[in-house]
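Report on the structure given below.
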Amino acid sequence: MSDGMQTIQWFPGHMTKTRRKIAENLKLIDIVAEIVDARIPQSSRNPDIDALVLNKPRIIILNKSDIADPQKNRIWLDYYKKQGITAILVDCKSGKGVNLFVPTVKSILKDQLERASHKGLNKSVRVMIVGIPNVGKSSFINRLSGGKKAKVEDRPGVTMGNQWFSISKDVELLDTPGILWPKFDDMLVAEKLAFTGAIKDNVLDVEQLAARLLTCLAADYAKNLVKRYKLENSCVVGKSGLEVLEVIAKKRGMLLSGGKVDTERAAIMVLDEFRAAKLGRITLD
Ligand code: GDP
C-alpha cells in the first residue's frame with residue numbers, strides 16, 4: 001500500500017454531520033440493522049458503531065454471503081452469537097435470506113413488543129439501516145421494499161430527511177441508511193476494503209494492491225488460485241504476491257514489448273476477478 005493511502009481525505013467534512021444525524025435518529029427507532037460485507041465482516045464494520053448505537057437493540061446483516069466462504073459464514077454467525085448479537089446471512093443479489101429479516105427483528109424485540117401489546121399498544125417496529133459504503137445498504141433496502149421504492153442515493157449527509165416506509169404490516173424502515181465511514185488507520189483493514197472495491201482503485205497502486213491480495217490468497221486460498229489460473233501448486237505456495245502476479249501474467253500471455261510481463265494488466269484482472277467472485281467464495285477476515 002502506498003504511503004499516500006492514509007493521507008487522502010478519507011474523512012469528509014460531512015461525516016460529523018452524518019454521525020450526528022445517526023445519533024438523532026436513534027431516538028426514533030427501535031433497532032439498528034448494521035450491514036457488513038460477509039467477505040470482510042470485521043474490516044467492513046465501523047468500530048465506533050458500538051459507541052454510537054449504545055444500548056439500542058441491534059441486528060447484524062452479513063450481506064454478500066453468496067460470494068463469501070460458506071464455512072466462514074457459519075463461523076462469523078457463531079462469533080456474533082457468542083457476543084450476544086443476532087446476525088443473519090443475506091444475499092441481496094438473489095434475495096436469499098432477506099425474508100429472515102422481519103421475523104428475526106421481531107424475535108430480538110420480543111419482550112418489548114409483548115410489553116407494548118399488554119398495554120394495548122399496537123406499535124410498529126422502526127428500523128434504521130447503517131453501514132459503511134459498498135456493503136449493500138441500497139440493495140438491501142430495495143430488496144426489503146420489493147423494488148417498489150426508488151434507489152436510495154448514496155450521498156452521506158445529504159438526503160437525511162426522515163421518511164419511513166413499510167416493509168411489512170408492522171415494520172417500518174427509515175428510508176435513508178446511515179452511512180458510516182470505515183476505519184482506515186489500520187493498514188490491513190484499509191487493504192481489505194480496497195480488495196473488495198470499497199475504496200476506489202484510482203487512488204491506489206494497483207499492482208501493489210493485487211500483490212497484497214495474492215499474498216493473502218496464497219496463504220489461505222491457494223487452491224482457488226491454482227484452479228482459476230491453472231497454476232502449479234509450487235507457483236503459489238510459499239511465493240510472494242508479486243511472484244504469483246508475474247506467473248499469472250505470463251500464464252495469461254500478458255506481455256509488454258520486449259517480452260517483459262505486464263503485471264499492471266494482470267493486477268487489474270486479478271482484482272476484477274476477485275471482486276466478481278471468479279476466484280471462488282472467499283472471506284478475508
Ligand atoms: P451501498 O453503498 O452500501 O448502498 O451498497 P450497494 O447496495 O450500492 O451495493 C454495492 C455493490 O455490491 C453493488 O455493485 C451491488 O450490486 C453489490 N451487492 C450488493 N449486495 C450484494 C450481494 O448480496 N451479493 C453480491 N454478490 N453483490 C452484492
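Summed over region 165-213, residues that are closer than 20 Å to GLU246 by Cα and in a loop (DSSP other than H, G, I, E, B) total 2. Can you confirm whether region 94-105 contains a residue that is closer than 27 Å to GLU24 by Cβ and within 15 Å of the ligand (Cβ to nearest atom)? Checked against the condition, which is being closer than 27 Å to GLU24 by Cβ and within 15 Å of the ligand (Cβ to nearest atom), region 94-105 yields at least one hit. Say whether the condition of being within 16 Å of the ligand (Cβ to nearest atom), open to solvent by less than 60 Å² (accessible area, probe 1.4 Å) and out of contact with any helix residue (DSSP H, G or I) (no Cβ under 8 Å at 6 or more places or on another chain) is met by at least one residue in region 115-124. Checking region 115-124: not a single residue is within 16 Å of the ligand (Cβ to nearest atom), open to solvent by less than 60 Å² (accessible area, probe 1.4 Å) and out of contact with any helix residue (DSSP H, G or I) (no Cβ under 8 Å at 6 or more places or on another chain). When region 190-208 is filtered for residues that are open to solvent by less than 20 Å² (accessible area, probe 1.4 Å) and either over 21 Å from PRO41 (Cα atoms) or touching a Phe, Trp or Tyr at 6+ places or on another chain (Cβ under 7 Å) (or both), the ones remaining, listed by number, are ALA190, PHE195. Residues of region 97-112 that are modelled with pLDDT of 95 or more and either closer than 21 Å to GLN42 by Cα or surrounded by 14 or more Cβ atoms within 10 Å (Cβ to Cβ) (or both): GLY97, VAL98, LEU100, PHE101, VAL102, THR104, VAL105, LYS106, ILE108, LEU109. Inside region 130-160, residues that are at pLDDT 50 or above, basic (Lys, Arg) and part of a loop (DSSP other than H, G, I, E, B) make up a count of 2. Contact map, region 215-230: residues that are farther than 18 Å from LEU242 by Cβ and among the charged types (D, E, K, R) paired with residues that are in a helix (DSSP H, G or I) and open to solvent by 30 Å² or more (accessible area, probe 1.4 Å), Cβ distance under 8 Å, separation 6+ or inter-chain. Pairs shown: LYS230/LYS251.
The values are calculated or read from the model by the stated rules, or taken from the named source; none is laboratory data. Worth saying up front: this structure is predicted, and the values here are computed from it rather than measured. Note that each Cβ is placed from the backbone with ideal geometry, even for glycine, and that neighbours are counted across all protein chains shown. Side chains included, ligands, DNA and RNA excluded: accessible areas come from the protein's heavy atoms. Shrake-Rupley method; radii C 1.70, N 1.55, O 1.52, S 1.80 Å.
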